[in-house]
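Shown next, in structure tokens, is the structure this report addresses.
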Amino acid sequence: MDRVVSFSNLVDLASETMGGRAIWASDRFFASEDNLVKAHEPVWDADRYTDRGKWMDGWEPRRRRHPGHDTAIVALGVAGGLRAVEIDTRHFLGNHAPYASLDATVAPADASVEWLRDHADWTPVLRQVRLERGCPNVFVLDAFEGATHVRLHNYPAGGIARLRVFGIAQSPASTHDDRIDLLAARRGGQALACSDMFFSRMDNLIRPDEAANMSDGWETKRSPLPKQDWVILQLSEPGHIDELLVHTRHFKGNYPTGVRIEGLYWPDAPPHALSRWTTWSPLCTDAPLGPDRAHTLPVDHPGPWTHLRMTILSDGGISRLRAFGRPATRPASPFLQWLNTAPDDTLRAALTRCCGAARWVEGMLSARPFHSLDHLLGAADHVWWHLGDGDWLAAFDHHPRIGANIDALREKFAATAGWSAGEQQSVASASEETLQAPADGNRAYEARYGHIFIVCASGLTAAEMLQRLQARMDKPSDAELRIAAGEQCKITALRLHKLRASMRAPQENE
């Protein structure tokens, strides 16, 4: 049976591959608590028996004939913040645990089983819940940070195949002198997004162990056409990278022919935004790959980075990706320093020149501090797409109409006329006859949709803008509003670049 549940951006902190161990159970008569943390999926062997009864791939205490319940303690492989749990009862049908709960604690490194049983301060993170038989049972946990151990309560007794404790590994303290694998899951590295993981999961790329077989790496499906599959990963902490290791272990007839690795500096970037981001910077030159071997790639541009994007050419499997380097942060450029420290009223006025939606401006004020130019532009995009239709229309109202007399509108749009005129320069330089068609088209557009025609006009001729206007006249109103909002987003990004240029900010460190 295939696994039913997965959490793309979380790590199973209890898994044996992360160093997790089941260290004690109140009873293990039929099957050991050691099985709770096994990495492989629980299996069923119809003909296998032991001298105590049916062999089961899980933890199964004996039947309870007196009050109380059974308990097991698991030492997590790495301390972390708990987010969800999977209590898997697969293959336990008439003998599964009917109820369960989970506690967590933060214990010293030398804590003994006796201390954990008798003295630890346990906090409930999952109140008693009913379990379904023969399947994964998944629950959201009360958030708990820094957990080192969990205690599973089995009411009153019964079989549990696996315990998956999903969370975010917390990076051990490090200094800038430490050379580490900045992608390691044990330190808090995460696989955030990918184009495809048909055969095996992207999370496997950053596991601490060596791949056991092809299913233990990241493998995409075959494509009849050349394509480029990609995966985006977040470093455990920002850092300079001096060496990359790409391993194709076990991939012999299905390894990619090449690899490209790029970086970005944008702390806490939303995964969806990263999957659409285009301004990634290369760490090294594209490299060819071979079958079933480790490839060491020297790094030309060490960063620092917060995220990596690995693109494989074209499809296939990678078993592991390592990024060796040292923790480091990127100093803010003078422009970013100004953005982060300017008084609210000063920055509010500057941002209003970029986008006239008041709630977008306030959202950008709240998004400070900005750590890079990509961070600034990404925040602008993120805030914009979390606004409502009314905010978008308010931003549209700060634009002159395409083809209108810009001089006549200069007073009304005094705050933005300079930049708007630049964006519509090709219109302003066209003949009166050429201008009349876009002006007439805009009036028809406004009568149909209730707002002016918005297009990022930079570099477009009047004829090209008219062509785009005509192409959008048959769109449904809701679709056209989103198209216009997308154009406004482009205009805002262009104006943020102009704001930066107007301050003569240097290029480096952004």
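From the list Leu225, Leu233, which one is modelled with pLDDT of 90 or more and not acidic (Asp, Glu)?
On the way: Leu225 fails: modelled with pLDDT of 90 or more.
One residue alone meets the criteria, Leu233.
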For segment 361-395 the number of residues that are within 28 Å of Gly263 (Cβ to Cβ), buried (at least 17 other Cβ atoms within 10 Å of the Cβ) and hydrophobic (A, V, I, L, M, F, W, C) is 9
Scanning segment 180-197 residue by residue, those touching a Phe, Trp or Tyr at 6+ places or on another chain (Cβ under 8 Å), aliphatic (A, V, I, L, M) and in a loop (DSSP other than H, G, I, E, B) turn out to be Leu182, Met197
*asked:* Tell me yes or no: at least one residue of segment 312-321 is surrounded by fewer than 21 Cβ atoms within 10 Å (Cβ to Cβ), assigned by TED's automatic domain parsing to the domain that holds Gly189, touching a His at 6+ places or on another chain (Cβ under 7 Å) and not aliphatic (A, V, I, L, M).
replied: no
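From the list Arg359, Arg368, Arg348, Arg353, exactly one residue is among the basic types (Lys, Arg), touching a Phe, Trp or Tyr at 6+ places or on another chain (Cβ under 9 Å) and not assigned by TED's automatic domain parsing to the domain that holds Gly189. Which is it? Spell out the reasoning first.
Working: Arg359 fails: touching a Phe, Trp or Tyr at 6+ places or on another chain (Cβ under 9 Å); Arg368 fails: touching a Phe, Trp or Tyr at 6+ places or on another chain (Cβ under 9 Å); Arg348 fails: touching a Phe, Trp or Tyr at 6+ places or on another chain (Cβ under 9 Å).
Every option except Arg353 fails the conditions.
Need at least 2 residues that are closer than 20 Å to Val361 by Cβ, of a type outside the set (Phe, Trp, Tyr) and at pLDDT 85 or above per element, so show me which helices (runs of 4 or more DSSP H) inside segment 404-507 make the cut, counting only ones lying wholly within it. Working first, answer last.
Numbers: elements: 406-409, 417-423, 425-428, 432-449, 462-472, 477-502.
Hits in segment 404-507: 477-502.
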### Query
Within segment 287-301, is there a residue that is closer than 20 Å to Gly188 by Cα and at pLDDT below 95?
no
By my count, strands (runs of 3 or more DSSP E) wholly in segment 112-170 with at least 2 residues that are of a type in the set (D, E, K, R) and over 20 Å from Asp27 (Cβ atoms) are 123-130, 136-155
Residues of segment 250-270 being part of a loop (DSSP other than H, G, I, E, B) and not aromatic (Phe, Trp, Tyr), in sequence order, are His250, Lys252, Gly253, Asn254, Pro256, Thr257, Pro267, Asp268, Ala269, Pro270
Screening Arg353, Arg330, Arg348, Arg359 for residues that are within 30 Å of Ile454 (Cβ to Cβ), charged (D, E, K, R) and in contact with a Ser or Thr (Cβ under 8 Å, 6 or more places away or on another chain) leaves only Arg353
Note: among Gly258, Gly290, Gly316, just one is under 17 Å from Arg201 (Cα atoms) and of a type in the set (Gly, Ala, Ser), namely Gly316
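For segment 205-221, state whether one or more residues are of a type in the set (Phe, Trp, Tyr), closer than 29 Å to Pro238 by Cβ and either over 27 Å from the mean Cα position of the chain (by Cα) or modelled with pLDDT of 95 or more (or both).
From segment 205-221, those of a type in the set (Phe, Trp, Tyr) are 218; that's our starting set.
Those still in the list that are closer than 29 Å to Pro238 by Cβ too: 218.
Imposing the further condition that a residue be either over 27 Å from the mean Cα position of the chain (by Cα) or modelled with pLDDT of 95 or more (or both) reduces the set to 218.
Yes, segment 205-221 contains a residue that is of a type in the set (Phe, Trp, Tyr), closer than 29 Å to Pro238 by Cβ and either over 27 Å from the mean Cα position of the chain (by Cα) or modelled with pLDDT of 95 or more (or both).
Within segment 285-303, how many residues turn out to be in contact (Cβ under 8 Å) with a residue 40 or more places away in the chain and either touching a Cys at 6+ places or on another chain (Cβ under 7 Å) or surrounded by 19 or more Cβ atoms within 10 Å (Cβ to Cβ) (or both)?
Of the residues in segment 285-303, the ones in contact (Cβ under 8 Å) with a residue 40 or more places away in the chain are 287, 289-299, 302-303.
Filter once more, keeping what is either touching a Cys at 6+ places or on another chain (Cβ under 7 Å) or surrounded by 19 or more Cβ atoms within 10 Å (Cβ to Cβ) (or both): 289, 297-299, 303.
Matching residues across segment 285-303 total 5.
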By residue number, the members of segment 177-186 that are surrounded by fewer than 21 Cβ atoms within 10 Å (Cβ to Cβ) and among the basic types (Lys, Arg) are Arg179
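Within the bounds of segment 247-258, is there any residue that is crowded, with 17+ Cβ neighbours inside 10 Å, within 30 Å of His382 (Cα to Cα) and out of contact with any Cys (no Cβ under 7 Å at 6 or more places or on another chain)?
Just the residues of segment 247-258 that are crowded, with 17+ Cβ neighbours inside 10 Å, to begin with: 247-251, 255-256.
Still in the list and also within 30 Å of His382 (Cα to Cα): none.
Checked against the condition, which is being crowded, with 17+ Cβ neighbours inside 10 Å, within 30 Å of His382 (Cα to Cα) and out of contact with any Cys (no Cβ under 7 Å at 6 or more places or on another chain), segment 247-258 yields no hits at all.
Going by the structure shown, is Asp315 under 25 Å from Pro271 (Cα atoms) and either in contact with a strand residue (DSSP E or B) (Cβ under 8 Å, 6 or more places away or on another chain) or modelled with pLDDT under 95 (or both)? First the steps, then the outcome.
Numbers: under 25 Å from Pro271 (Cα atoms): yes; either in contact with a strand residue (DSSP E or B) (Cβ under 8 Å, 6 or more places away or on another chain) or modelled with pLDDT under 95 (or both): yes.
The answer is yes for Asp315.
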Pairing a residue in segment 263-280 that is farther than 10 Å from His307 by Cβ and touching a residue at least 24 places away in the same chain (Cβ under 8 Å) with any residue that is outside any loop (DSSP other than H, G, I, E, B) and of a type outside the set (A, V, I, L, M, F, W, C), where Cβ atoms lie under 7 Å and the two sit 6 or more apart in sequence or on different chains, gives Pro270/His382; Ala273/Gly378; Ala273/Asp381; Ala273/His382; Thr279/Asp374
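Scan segment 153-164 and tell me whether some residue there is closer than 30 Å to Ala184 by Cα, at pLDDT 95 or above and among the polar types (S, T, N, Q). Talk me through it step by step, then tell me what you get.
First pass over segment 153-164, keeping only residues closer than 30 Å to Ala184 by Cα: 160-164.
Filter again for at pLDDT 95 or above, leaving 160-164.
After this cut, where a residue has to be among the polar types (S, T, N, Q) as well, the list is none.
Checked segment 153-164: no residue is closer than 30 Å to Ala184 by Cα, at pLDDT 95 or above and among the polar types (S, T, N, Q).
Regarding Ala46, is this residue closer than 21 Å to Arg21 by Cα and hydrophobic (A, V, I, L, M, F, W, C)? Step through it out loud before you land on a result.
On the way: closer than 21 Å to Arg21 by Cα: no; hydrophobic (A, V, I, L, M, F, W, C): yes.
Considered against the rule, which asks whether it is closer than 21 Å to Arg21 by Cα and hydrophobic (A, V, I, L, M, F, W, C), Ala46 comes out as no.
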A careful count of residues in segment 198-223 that are surrounded by fewer than 20 Cβ atoms within 10 Å (Cβ to Cβ) and in a loop (DSSP other than H, G, I, E, B) gives 11
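The values are calculated or read from the model by the stated rules, or taken from the named source; none is laboratory data. Just so we're clear, the structure is a prediction, and the values are computed from it rather than from any experiment. We place every Cβ from the backbone using ideal geometry, glycine too, and count neighbours over all the protein chains shown.
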